[in-house]
Amino acid sequence: MEIRSNEFKERSVFAIHDANLQTALGRARYGFVGKRALQVAELPEFEQLREEAKNLKNHVLDHLDHYLERYEQAVTAAGGRVHWARDAAEAREIILGICKRVGARTVTKGKSMVSEEIDLNDALIEHGMEVVETDLGEYIIQLAHEPPSHIIAPAVHKTKDQVSDLFEAAHGGPRKTQIPELVDEARRVLRDKYFRADVGITGGNFLVAETGSSIIVTNEGNGDLTQTLAKVHIVTSGIERVVPTLDDATLFLRLLARSATGQETETYTTISTGPRRADDLDGPEEYHVVLVDNGRSKMLAGRFRDMLRCIRCGACMNHCPVYGAVGGHAYGWVYPGPMGSVLTPLIKGLDAAYDLPNACTLNGRCQSVCPVKIPLPELLRELRHLQHQQNITPVMQKRALGVWRWVATRPKLYHALEQIAARALSGIARRGRIRRLPFAGGWTDSRDLPAPTGRTFLELWQGKRGQQ
Amino acid sequence: MNAPANASGNARDAILKSVRDALRRDPLDATQVAALDARVPRHTRPAHDEDLVTRFMRKFESRAGTVERVASRDALPAAVEAYRLAHRLPQRAAVGAALKDLAWPEGWLIHHEAAGITEALAVSPALCGIAETGSLMLASGPDSPTTHNFVPDDHVVVLEATRIVDHFEDAWDLLRARPQGMPRATNIISGPSRTADVEQTIQLGAHGPRRVHVILVG
């Protein structure tokens, strides 16, 4: 999809005034955050596992070339084939090439964020293929011609009524209004697609060097029908998703479902190794893996290496107050929330996503829930620093920061101004809140500003010391 | 399949070079490679003090799966027949060839091929159960085609009680011990198919089976 991250501000305003979106976001936040907390409370080893997962990912990244080579050898030994793609265009070419060679007409897809990253669907459709997303959430947004708004719950921004409308338009009436009926209708429509599919494309949560396997975790079973019933199975995955052994994958499996949907485990964990064997009665005749770099090996070089630990659980966005207020579409590309605010500028360019690293309060909740302990606030701050260095920061903002620095390095002046501001704000407050503030409409239009008490922190502190 | 295209070969070398450049080093030498190949992962496994069968049943049932116990393998056909009657299913099933020898009831249409689009019921043998999460592990092959696990509305899985292992790591050891190596598909199944993609409301039977019933033998 075309990147629109530089429209973040406009899209955020739109999102905040979208009543359907706000209803959906409120529901999602409550569900994901609450369920995760319950799972974490039930597993005393959770913190220990996070630390081990961080260390294991660091070990893999330190030896990424080795594990990728081992993985490729194992895939080949199992009768599969590994393809390497430097960027999105190469990845699309490889997949298009396979689809054309087998004369594909219908392509089914399990959920794959990498396929979104490389803009795969449009490329296949342009070449006359029918592309069917089979994850229910992905199917809904495909009907709506929208990108996912969440990496694990792509249609989280849609209400049931909106889904009813989309299904009625696509499948004909009578209009279904209940969730069980809607799910049944999608089940019936997609059944037929699985059985007709020539190529089935899935993502890969983990790639196992020991066995040459790809692992996906799902709840619906769509990824399994996709890969089992098509003639050809293609896995799309980032190069950083390789793990040494099945035992190593287990460490991440124990963290992934708990962090993502707040489940102890997903319904299906599927380990796919090569194409159908000679005596198998089903399964694809060909098994391909497309390993996508697309900026990842560059990330490995510097201060953003930590980001490559990401296992795409979505916990950071579920716990982010900014994501919770504006939803995923405001971010303007494939990956939203804190992880997306780091990845988007790194993959698409600093100037293509100026607002994203700045749309963060540095509250740190994302880092505290990240199963692989990525220091997301630190990385976002680092990106702001880079923006400043590369002169991408707007002039007005640079000047304002300059003024602030000038004042902040003069403590007496700073404290005096602070005292004036605290008293003035307290004076215009009603019941501890400020509803309107001159020159700060951007803040007060959509929420109230909590008012200061009238005295600054330092004044209170000195008063307290005086008492002692 | 075709031989690797040149473009892909170049991309492979370019990506590996880019990785090594980022790591500021040459390819690993033989000693380093041997050390990595000999690495034995020892990660923390969640502790519990429950009996394996009890834990398996409790966990599997907590996700809307059902479990019944029978004394011996001979009791399987009657148990499947009772399940069929309870759910008003036709007398037809796709049965994993590993269960071929059982004395299936008169009048049943039993086949051992892949499941077709109209398949209503499948009966599969599990390679093992995993007590940690209450999950089943099934290995694809002529004895247990993968379509049996996902196409029918009702999936009955036969699990020997002695084949319930503690952790995932124990299940991987069973896979590694197979003379035929890794199956094409290893399916770890923890209950009926579900989705929460419409308004976060859990709905069973998204694309896979609406019901998964385990018959524990022994």
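The values are calculated or read from the model by the stated rules, or taken from the named source; none is laboratory data. These numbers were taken from a predicted model, which means no experiment stands behind them. All Cβ positions, even for glycine, are placed from backbone atoms using ideal geometry, and neighbour counts span all protein chains on display.
Couple of notes before you dig in:
- The residue that is nearest to A:K231 (Cα to Cα), among those in region B:163-191 that are touching a residue at least 24 places away in the same chain (Cβ under 8 Å) and of a type in the set (A, V, I, L, M), is B:A185.
- Helices (runs of 4 or more DSSP H) contained entirely in region A:234-335, each with at least 1 residues that are surrounded by 23 or more Cβ atoms within 10 Å (Cβ to Cβ), within 14 Å of chain B (Cβ to nearest Cβ) and of a type outside the set (V, I, T): A:246-260, A:296-299, A:315-318
- Taking the numbered list (1) over 30 Å from A:L251 (Cβ atoms); (2) among the aliphatic types (A, V, I, L, M); (3) surrounded by fewer than 19 Cβ atoms within 10 Å (Cβ to Cβ) in turn, A:I94 passes all entries but (3).
- Out of A:E210, A:E220, one residue alone is closer than 14 Å to A:L136 by Cα, outside any helix (DSSP H, G or I) and assigned by TED's automatic domain parsing to the domain that holds A:R254. It is A:E220.
- When restricted to residues that are outside any helix (DSSP H, G or I) and more than 12 Å from chain B (Cβ to nearest Cβ), region A:164-199 contains 7.
- Cβ separations smaller than 6 Å between residues 6+ apart or across chains give the following pairs from region B:142-162 residues that are assigned by TED's automatic domain parsing to the domain that holds B:A97 and closer than 20 Å to B:E81 by Cα to residues that are β-branched (V, I, T) and modelled with pLDDT of 95 or more: B:H155/B:V212; B:V156/B:V80; B:V156/B:V123; B:V157/B:V214; B:V158/B:I215; B:L159/B:V214; B:E160/B:V217.
- Looking only at region A:63-113, and only at residues there that are in contact with a helix residue (DSSP H, G or I) (Cβ under 9 Å, 6 or more places away or on another chain) and over 18 Å from A:V292 (Cα atoms), the one that is nearest to the other protein chains (Cβ to nearest Cβ): A:T108
- Spans of helices (runs of 4 or more DSSP H) in region B:1-97 with at least 1 residues touching a Leu at 6+ places or on another chain (Cβ under 6 Å) and facing chain A (nearest Cβ under 10 Å): B:6-23
- Only listed residue being more than 12 Å from chain B (Cβ to nearest Cβ) and among the aliphatic types (A, V, I, L, M), chosen from A:A41, A:A28: A:A41
Residue-wise test of (1) more than 23 Å from A:V40 (Cβ to Cβ); (2) at pLDDT below 95; (3) of a type in the set (D, E, K, R); (4) within 14 Å of the chain's Cα centre (by Cα).
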{"position": "A:Y335", "(1), (2), (3), (4)": "yes, no, no, yes"}
{"position": "A:S368", "(1), (2), (3), (4)": "no, no, no, no"}
{"position": "A:H388", "(1), (2), (3), (4)": "yes, yes, no, no"}
{"position": "A:V395", "(1), (2), (3), (4)": "yes, yes, no, no"}
